[in-house]
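Below is one structure, written out as structure tokens; the observations come after it.
Laboratory data are not the source of any read-out in this text; all were calculated from the coordinates shown. Just so you know, these numbers come straight off a predicted model, no measurement behind them. Cβ sites come from the backbone with ideal geometry, for glycine too, and all protein chains shown count toward neighbours.
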Amino acid sequence: MSKLIVRQIKMPLTIRAFTIPDANGDFNIYINEDLSDEAKKKSLAHEKMHIARNDFASLKPARLIEQEII
């Protein structure tokens, strides 16, 4: 079973969050620590949607995947 590991880190404000799957099959979600609490919640939900949709196995361009989720 995949685990979700969520961390808050310093990033440019142009980046809200990103997810990296690791070799164990777990998903490491990084959230921008400078976002408001509400923006952090929305960003986490957005990243979880990528995981639920299995976007990491998709061959579609990232730009198209993002357009589908928004």
Query - Computed [θ] at 222 nm, deg cm²/dmol, the chain (DSSP H ≥ 4; -39,500 (n - 2.57); rounded to nearest 500) - result: -10500 deg cm²/dmol
Query - J(HN,Hα) series, region 21-35, from Karplus relation 6.51 cos²θ - 1.76 cosθ + 1.60, nearest Hz, glycine and proline x - result: x, 10, 5, 7, x, 8, 10, 9, 9, 10, 10, 5, 5, 8, 6
Report task. With a cut-off of at most 13 other beta carbons within 10 Å, and DSSP calling the residue loop, which GluC sites (Glu not before Pro) in region 15-70 qualify? Please list them. Result -> GLU33
Query - Pair SER58, LYS10: separation of 7 Å Cα→Cβ label points (nm) - result: 3.3 nm
Query - Mean Cα-pair separation over length for region 4-69, i.e. relative contact order, pairs under 8 Å, 6 or more apart, % - result: 28 percent
Query - Gyration tensor over alpha-carbon atoms, the chain, equivalent ellipsoid semi-axes in Å - result: 19, 16, 10
Query raised in the report: Using +1 on the beta carbon of Lys and Arg, -1 on that of Asp and Glu, and nothing else charged, what's the dipole of the chain about the Cα centre, debye to 20?
Result: 60 debye
